[in-house]
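The values are calculated or read from the model by the stated rules, or taken from the named source; none is laboratory data. Note that the structure is a prediction, hence the values are computed from the model and not measured. Note that we place each Cβ from the backbone using ideal geometry, even for glycine, and neighbour counts take in every protein chain shown.
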Amino acid sequence: MYAPYKYSEINVANTFYEPSIVKNRNNAQYSYWFRSLYHRVSSVIVFEGLPWNGSVKQFLYYCLLKFGYVDCFKDEKFGKAFQPCTLSGMDFYYQPTNSIVSNPDLNVTHKIHEDCGILKLTPDYLGIWDVLDYYSCMLAEFNPAIMMSVINAKYATIMGAETKAGARFLEKVVDKVNAGNPAIVFDASILVPKNPATKEDTIHDYSRKDIKSTYVGTELINDFMSILNQFDSEIGIPTIPYQKKERMVTDEANSRTIDSQARSLTWIESLNDSLNEDVNRILGTSIKARHRYADMIGGDDNGERSDSSDEPV
């Protein structure tokens, strides 16, 4: 939640950037990718039997992904409800015992297991905002690099003029080249006057003869897609390595599938454990969480591995 930070606290937060001169979060590229990755990860988890729909359901996803847990309870005014909360207290197993809900319409302290159930996404009571932030920073850095590479690839010749009119003329030529014009026709009289000593035009040409050797767009796009591929794998969207999709062997493909399950199946298991422990009992519901891509990653409807290794050999 938002907190009003003092100037000294803001300075401390800024020192966490490495290198400190680079501020790769305060820009439109970062915001774009954060929203995009948030939408992608929201597609992985599917709830069945939820008593909430529409914008309330979307708020539930937001709370779980950002804060990691919510307080689920019954209220005379709001019925079956959930709210972001603050946990307090500690029992024998070092688990929280109380939940504090602070809402403009409701301020209450609940006893966990009695008055409410805690629906949590991860075993450590944390959200996954750090995952979105990590990958958003990297993807935001690649975007301008790719765009600059494309722009530079379109400009094949650099020329120098000795008059202001000649410079303006060359700038116009560059604009037309970058606009994608296949041919440019101009008045030859606009060119720089001939050098009286040599009787030759004083136009300085710095041509890049081999554009391919200076174009790094392909490498940048490959790396960009690899990072996006890594994010999909981390959150549980079935994927294969971008660079090796045409020559992967079966063992590599299976290994990648297992790797993509690691975190997402932990989230599904944590959600279902908390639903079965308290939430469904207190709300009088039969909510269940499942992995949207379970059939593609070799799991069952609950997102659990169908080829369980718990069976005796």
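Odds and ends about this structure:
- Check on residue 286, at pLDDT 80 or above and of a type in the set (S, T, N, Q): yes
- Filter pass, residue 126 being in contact with a strand residue (DSSP E or B) (Cβ under 9 Å, 6 or more places away or on another chain), in contact (Cβ under 8 Å) with a residue 12 or more places away in the chain, within 17 Å of residue 273 (Cβ to Cβ) and not in a strand (DSSP E or B): yes
- Neighbours by Cβ (under 7 Å, 6+ apart or cross-chain): first from region 51-64, without any contact (Cβ under 8 Å) to a residue 12 or more places away in the chain; second among the aliphatic types (A, V, I, L, M): 57/50
- Subset of region 238-271 [aliphatic (A, V, I, L, M) and modelled with pLDDT of 85 or more]: 265, 268, 271
- Yes/no for residue 59 being in a helix (DSSP H, G or I) and either at pLDDT 95 or above or more than 17 Å from the chain's Cα centre (by Cα) (or both): yes
- The listed residues are 174, 185, and the only one of them that is surrounded by 11 or more Cβ atoms within 10 Å (Cβ to Cβ), hydrophobic (A, V, I, L, M, F, W, C) and at pLDDT 70 or above turns out to be 174.
So that you can scan it fast, the table gives a plain yes or no per residue for (1) of a type in the set (Asp, Glu); (2) assigned to a strand (DSSP E or B); (3) crowded, with 16+ Cβ neighbours inside 10 Å; (4) in contact with a Ser or Thr (Cβ under 7 Å, 6 or more places away or on another chain):
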{"residue": "101", "(1), (2), (3), (4)": "no, yes, yes, no"}
{"residue": "107", "(1), (2), (3), (4)": "no, yes, no, no"}
{"residue": "114", "(1), (2), (3), (4)": "yes, no, no, no"}
{"residue": "119", "(1), (2), (3), (4)": "no, yes, yes, yes"}
{"residue": "131", "(1), (2), (3), (4)": "no, no, yes, no"}
{"residue": "137", "(1), (2), (3), (4)": "no, no, yes, no"}
{"residue": "149", "(1), (2), (3), (4)": "no, no, yes, no"}
